[in-house]
Amino acid sequence: MGINNFTIPETMSAWVLGGVNELLKVEKPVPEPGPAQVLVKIDAVSICGTDLEIMARGLPAMVEGGLPFNKNLTIGHEYMGRVAKLGAGVDTFKIGDRVAVEIHAGCGQCERCREGMYTACLNYGENYPGHDKGHRANGFTTDGGFAEYAINHINTLVHVPDFMSDEEATLIVTAGTAMYGLDVMSGLYAGKSIAITGPGPIGLMAVAVAKALGAEPVILTGTRDDRLALGKQLGADYIINVKKEDPIKAVKNIAGKGVHYVMECSGSQNALNEAAQMLQRGGRICLAAFPAEPYPVDVAALVRNNIYVYGIRGEGNSATHRAASLMAQKKINAKPLHTHTFSLDELPTAIKYARDRIDNAIKVVVTNKK
């Protein structure tokens, strides 16, 4: 499946962020890979809820020290493709390799990056003239996947097996985020109970990853029956519609004194407080969603019950590589999450579809394979 004879053009089509909720199609120079980088010919990219957040609010994207609007930024960060060109010193990939990508490369020099916490890079956004410390977060601070080509550091690449579809491969990074959340709480799940709140793409992938790691039981809560049914298909032992029953009582009916872990993926206004009540004493919570607004938290209950609370950003700790391994071994089936496909030229339509039809558009994928 190589593209060894592929001719790389001088320019490419790319979508850039204009004003608020505005995407503009432009021509950009095809970027040149530097040392330890490759040029990726993008074949498919999925639309993430964070893409919609960036379009509406700007953050967490950051360009030249401020909001990303009207700064020629190409967003989109859940993409896959083929290696089209190698930078100096690259010998772990070859032209034509199918790859999926992580978002964050980090600067490689700050305290957090040296500790391996590159998604918490202390030089986030410091990658422009006069302030260039080498940080990269494609689709957030550097150009991402809503284009024909993108540059990626080799640390951010994972191989994609031939049997895996392009659409499924775009979900590797989603699985990586779920894996990272499980990592920070423990990483050892065989025989442990977990509740996952919110059946969005990350919550659903958390169900699949937790089950693949041996968690028992896996409980999924949410408000949409179709999403909950999909969670059951992906491995949830129990599903709870919070509109129809009290989720705290339901979880404790299943898990006695409470579950060992909660992965919070809903971003709802009382999510942390409810998660704490689902746990047994000494349990752990991972927050993986961005709430729309601040909300009050019962800190005394967290302290009184020795509850540990973690927040994650992205897919750190090389979790994408391990999630990709589980998918390659067919221990995780991401295919059901992909529901709609558009072409790159139809990106604004695809964005609108993802935003307006959130109930049945779980993962909208944009294809660009030629």
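The values are calculated or read from the model by the stated rules, or taken from the named source; none is laboratory data. Bear in mind that the values here come from a model prediction, so they are computed numbers and not experimental data. Cβ: placed from backbone, ideal geometry, glycine included. Neighbour counts: every protein chain shown.
Here the condition is being assigned by TED's automatic domain parsing to the domain that holds Met263 and within 24 Å of Ser46 (Cα to Cα); of Leu188, Leu182, Leu157, it holds for Leu182 alone.
Total residues in the stretch 282-310 satisfying the condition of being at pLDDT below 95 and under 18 Å from Ile196 (Cβ atoms): the figure is 4.
Which of the helices (runs of 4 or more DSSP H) contained wholly in the stretch 244-343 include at least 3 residues that are within 30 Å of Ser165 (Cβ to Cβ) and touching a strand residue (DSSP E or B) at 6+ places or on another chain (Cβ under 7 Å)?
In the stretch 244-343, the matching helices (runs of 4 or more DSSP H) lie at 319-328.
So, in the stretch 169-199, exactly how many residues are surrounded by fewer than 24 Cβ atoms within 10 Å (Cβ to Cβ) and in contact with a helix residue (DSSP H, G or I) (Cβ under 7 Å, 6 or more places away or on another chain)? So the answer is 2.
Considered as a group, the residues in the stretch 353-370 that are of a type outside the set (A, V, I, L, M) and surrounded by 14 or more Cβ atoms within 10 Å (Cβ to Cβ) include one that is nearest to Thr174 (Cα to Cα), and that residue is Lys363. Among the residues making up the stretch 153-163, those that are of a type in the set (A, V, I, L, M, F, W, C) and either surrounded by 23 or more Cβ atoms within 10 Å (Cβ to Cβ) or in a helix (DSSP H, G or I) (or both) are Ile154, Leu157, Val158, Val160. One residue stands out in the stretch 119-152 among those that are at positive phi and touching a Ser or Thr at 6+ places or on another chain (Cβ under 9 Å): the one that is surrounded by the most Cβ atoms within 10 Å (Cβ to Cβ), namely Gly139. Of all positions in the stretch 222-231, at least one carries a residue that is touching a strand residue (DSSP E or B) at 6+ places or on another chain (Cβ under 8 Å), touching a residue at least 40 places away in the same chain (Cβ under 8 Å), assigned to a strand (DSSP E or B) and not basic (Lys, Arg). When you scan the stretch 85-93, do you find a residue that is assigned to a strand (DSSP E or B) and touching a residue at least 40 places away in the same chain (Cβ under 8 Å), even just one? Yes, some residue in the stretch 85-93 is assigned to a strand (DSSP E or B) and touching a residue at least 40 places away in the same chain (Cβ under 8 Å). Would you say Met327 is surrounded by 13 or more Cβ atoms within 10 Å (Cβ to Cβ), in the same structural domain as Met185 (by TED's automatic domain parsing) and hydrophobic (A, V, I, L, M, F, W, C)? Judged against the criteria, Met327 is not a match.
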